[in-house]
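Enquirer: Sharing a structure, written as structure tokens. Questions coming.
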Amino acid sequence: MRKVIIILTALAGSLFFNSCNSWLDVKPYDSMAEEQLYSTENGIQRALNGLYLSLASNDLYAENLGGGAIDVLGQRYKLSSEHSYYDLSEYKYTNDGPKETFEAIWKAAYKLIADCNEFLEQVPRHQDLLSQGNYKMMMGEALAIRTLLHFDMFRIFGPVYTEANKQEASISYYSMVTDVTQPILSTEELVEHLFADIDSAIVLLSKDVILVDGVVKGEGFWDYRNLRLNYYAVWALKARMCWYLGNAYADEAYRIATALLEGKDPKTNEVNNFNTVFEPVSQNVAVTDRVFFSEELFALHNMKRTTVYKELFSSDLEDNNILLSTEDYMNKLFDEPNDYRWHSWEVATGRQTSGLMVFVKYVEQTENRNDPYLYEIQSMLRLSELYLIAAATAPDDATVTAWLEKLRMMRGYQSGMVGSDAQKVLQQEWEKEFYGEGQYYYFLKRNGKTSVSGPNGSKKPNYVIPLPESETNNRRD
């Protein structure tokens with residue numbers, strides 16, 4: 001990928017709200033000289049905030065990698081044949097719509113990877129402006145963002161790691177600011193880089209303030225640590241990576257996930273404050289807090305979340321624009337009427353076709369308007385994923401069942417799983433838990449599911465997504 005060096009173009013300021021819910025000293029980065037941006041601690045803070053803001057763009061996690069394109073690949077919704085995502089749902093990757101979508105994802109991801117590298121190269125030159133603790137935390141977060149982006153580009157465009165295919169081509173990896181196209185690495189080579197990066201990020205974040213203060217709901221730069229890639233979130237990201245990479249890393253995925261859930265540091269095995277920092281959402285709170293804020297290990301502040309909802313899910317949309325489901329499908333999937341996750345769905349009214357349901361997880365509710373953390377948050381890593389990773393990598397079906405039952409009780413189930421197929425329930429829970437978050441498709445791909453059922457019926461998925469033409473056309477290797 002040919003990369004033009006441009007300082008972050010996102011608007012930035014404080015990631016957090018002050019009493020007026022405003023941003024501090026907002027200024028476009030493209031109008032700021034590089035030396036001005038990194039000449040003060042405040043400027044460095046704003047540069048880091050800019051990385052998070054870019055994650056919340058529509059081309060990345062606000063839409064395409066959230067409830068939009070990647071969820072469509074997972075057959076999550078009922079789509080009209082006229083819908084702009086229809087070709088994507090049919091895995092017609094060579095058609096214009098899917099090609100444009102993947103092009104946008106790729107360009108946005110590698111642009112942000114370049115911005116991370118700019119940050120990682122510039123901040124060490126100005127570290128005298130920062131305390132040693134702040135310096136390490138900032139570097140750890142930026143490195144973790146870069147790892148997240150590389151990993152998700154791998155999950156979309158690369159193969160699932162196995163001993164048999166580890167020499168297959170994956171994606172390009174960028175660890176420096178450059179305009180030189182980097183080679184496409186083998187899966188094995190890429191994985192080595194990703195683990196080196198995530199392990200370095202863990203070390204840099206080992207003195208994270210979250211370990212002492214938890215998630216502080218204040219106005220300081222280091223408050224609301226669950227809106228950052230904090231120490232716990234980075235460990236959870238590593239658990240996700242290990243789970244996705246298959247049997248070779250399953251034991252490590254299980255070790256990390258269970259250590260965190262047991263309130264222990266995966267590195268030292270010492271007791272920590274994980275279980276007091278992150279708590280399961282209660283039934284009463286889940287009615288209005290549909291993103292389960294108390295469970296967010298890492299979430300994005302998306303100030304345009306309501307706009308995304310209106311463009312994808314609003315009942316005001318015509319059939320050829322809306323993502324919705326059917327009552328029959330949802331009733332089969334959500335087999336427990338007390339399941340808290342039901343609050344994200346409502347029966348559709350005023351539509352020509354009956355028996356439909358609309359997705360309301362991201363709707364702005366009246367009672368939440370004074371709390372942006374309930375209507376401008378998008379999940380990136382949640383407590384529940386650790387339960388599912390533990391279940392998916394457990395050594396036997398009895399242990400799988402034990403972890404699944406713990407999660408289901410957190411979601412309002414009234415009974416256990418006696419007589420149930422543990423692996424079938426595991427897939428159902430993955431499907432129920434991550435609606436609107438893009439994670440279910442990766443479960444399907446990781447497990448090589450050859451048939452995927454959804455509100456549009458059963459489809460045969462195609463997990464081989466070609467690299468965008470902008471990438472392949474620029475290659476000489």
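The values are calculated or read from the model by the stated rules, or taken from the named source; none is laboratory data. Remember, it's a predicted structure, so these values are computed and weren't measured experimentally. Every residue, glycine among them, receives a Cβ derived from its backbone with ideal geometry; neighbour counts consider all protein chains shown. SASA here: full protein model, heavy atoms, side chains in, ligands and nucleic acids out. Shrake-Rupley method; radii C 1.70, N 1.55, O 1.52, S 1.80 Å.
Enquirer: Give just the number: which of (1) closer than 24 Å to Phe359 by Cβ; (2) free of Cβ contacts under 8 Å to residues at least 60 places away in the same chain; (3) not aromatic (Phe, Trp, Tyr) does Arg408 not satisfy?
Expert: For Arg408, the exception is condition (2).
Enquirer: Still on this structure: Going by the conditions given, is Val180 more than 23 Å from Ile44 (Cβ to Cβ), over 24 Å from the mean Cα position of the chain (by Cα) and either of a type outside the set (A, V, I, L, M, F, W, C) or open to solvent by 20 Å² or more (accessible area, probe 1.4 Å) (or both)?
Expert: Taking the combined requirement at face value, the residue satisfies it.
Enquirer: Right, next: Give region 256-272 a look and list any residue that's within 29 Å of Glu188 (Cβ to Cβ) and assigned to a helix (DSSP H, G or I), or say none.
Expert: Within region 256-272, Ile256, Ala257, Thr258, Ala259, Leu260 qualify.
Enquirer: Next question. Among the listed residues Arg290, Arg305, Arg255, Arg240, identify the single one that is under 23 Å from the mean Cα position of the chain (by Cα), of a type in the set (Lys, Arg), buried (at least 20 other Cβ atoms within 10 Å of the Cβ) and more than 15 Å from Ile377 (Cβ to Cβ).
Expert: Just one listed residue meets the conditions, Arg240.
Enquirer: Return a yes/no flag: does region 190-205 have any residue that is of a type in the set (Phe, Trp, Tyr), within 21 Å of Ala56 (Cα to Cα) and surrounded by fewer than 21 Cβ atoms within 10 Å (Cβ to Cβ).
Expert: no
Enquirer: Do we find that Met409 is open to solvent by 30 Å² or more (accessible area, probe 1.4 Å), of a type in the set (A, V, I, L, M, F, W, C) and within 26 Å of Arg290 (Cβ to Cβ) in this structure?
Expert: yes
Enquirer: Please go through region 114-170 and give me each residue that is among the small types (Gly, Ala, Ser) and either farther than 20 Å from Lys238 by Cα or surrounded by fewer than 20 Cβ atoms within 10 Å (Cβ to Cβ) (or both), ordered by number.
Expert: Ala114, Ser131, Gly133, Ala164, Ala169
Enquirer: Hey, Ser200 hits all of (1) touching a helix residue (DSSP H, G or I) at 6+ places or on another chain (Cβ under 8 Å); (2) modelled with pLDDT under 95; (3) farther than 19 Å from Val277 by Cβ but one; which does it fall short on?
Expert: So the condition that Ser200 fails would be (2).
Enquirer: Would region 220-227 turn up any residue that is free of Cβ contacts under 8 Å to residues at least 60 places away in the same chain and buried (at least 19 other Cβ atoms within 10 Å of the Cβ)?
Expert: yes
Enquirer: Pick out the one residue from Ala398, Ala391 that is over 26 Å from the mean Cα position of the chain (by Cα) and either outside any loop (DSSP other than H, G, I, E, B) or modelled with pLDDT of 95 or more (or both).
Expert: Exactly one of Ala398, Ala391 is over 26 Å from the mean Cα position of the chain (by Cα) and either outside any loop (DSSP other than H, G, I, E, B) or modelled with pLDDT of 95 or more (or both), namely Ala398.
Enquirer: Residue check, Val215 against (1) open to solvent by less than 50 Å² (accessible area, probe 1.4 Å); (2) on the phi > 0 side of the Ramachandran plot, all met but one. Which one?
Expert: (2)
Enquirer: Counting only residues that are assigned to a helix (DSSP H, G or I) and open to solvent by less than 10 Å² (accessible area, probe 1.4 Å), how many does region 44-68 have?
Expert: Counting residues in region 44-68 that are assigned to a helix (DSSP H, G or I) and open to solvent by less than 10 Å² (accessible area, probe 1.4 Å) gives 8.
Enquirer: Let me ask something additional. Looking at Asn284, Asn275, which one is at pLDDT below 95, assigned to a helix (DSSP H, G or I) and open to solvent by 10 Å² or more (accessible area, probe 1.4 Å)?
Expert: Just a single option satisfies the conditions, and that option is Asn284.
Enquirer: Within the group Ser415, Ser453, Ser470, which residue is of a type in the set (Gly, Ala, Ser) and in a helix (DSSP H, G or I)?
Expert: Just one listed residue meets the conditions, Ser470.
Enquirer: Of all residues in region 362-375, count the ones that are buried (at least 19 other Cβ atoms within 10 Å of the Cβ) and within 26 Å of Leu79 (Cα to Cα).
Expert: 3
Enquirer: Right, here's the next one. Which condition from (1) assigned to a loop (DSSP other than H, G, I, E, B); (2) open to solvent by 20 Å² or more (accessible area, probe 1.4 Å) is the one that Asp87 breaks?
Expert: Among (1) assigned to a loop (DSSP other than H, G, I, E, B); (2) open to solvent by 20 Å² or more (accessible area, probe 1.4 Å), Asp87 violates only (1).
Enquirer: Return the residues of region 70-84 that are part of a loop (DSSP other than H, G, I, E, B) and either hydroxyl-bearing (Ser, Thr, Tyr) or in contact with a helix residue (DSSP H, G or I) (Cβ under 9 Å, 6 or more places away or on another chain) (or both); say none if nothing qualifies.
Expert: Answer for region 70-84, where residues must be part of a loop (DSSP other than H, G, I, E, B) and either hydroxyl-bearing (Ser, Thr, Tyr) or in contact with a helix residue (DSSP H, G or I) (Cβ under 9 Å, 6 or more places away or on another chain) (or both): Gly74, Gln75, Arg76, Tyr77, Leu79, Ser80, Ser81, His83, Ser84.
Enquirer: Among the candidates Glu336, Glu311, Glu346, single out the residue that is in a loop (DSSP other than H, G, I, E, B) and either among the acidic types (Asp, Glu) or surrounded by 15 or more Cβ atoms within 10 Å (Cβ to Cβ) (or both).
Expert: Of the residues listed, the single one that is in a loop (DSSP other than H, G, I, E, B) and either among the acidic types (Asp, Glu) or surrounded by 15 or more Cβ atoms within 10 Å (Cβ to Cβ) (or both) is Glu336.
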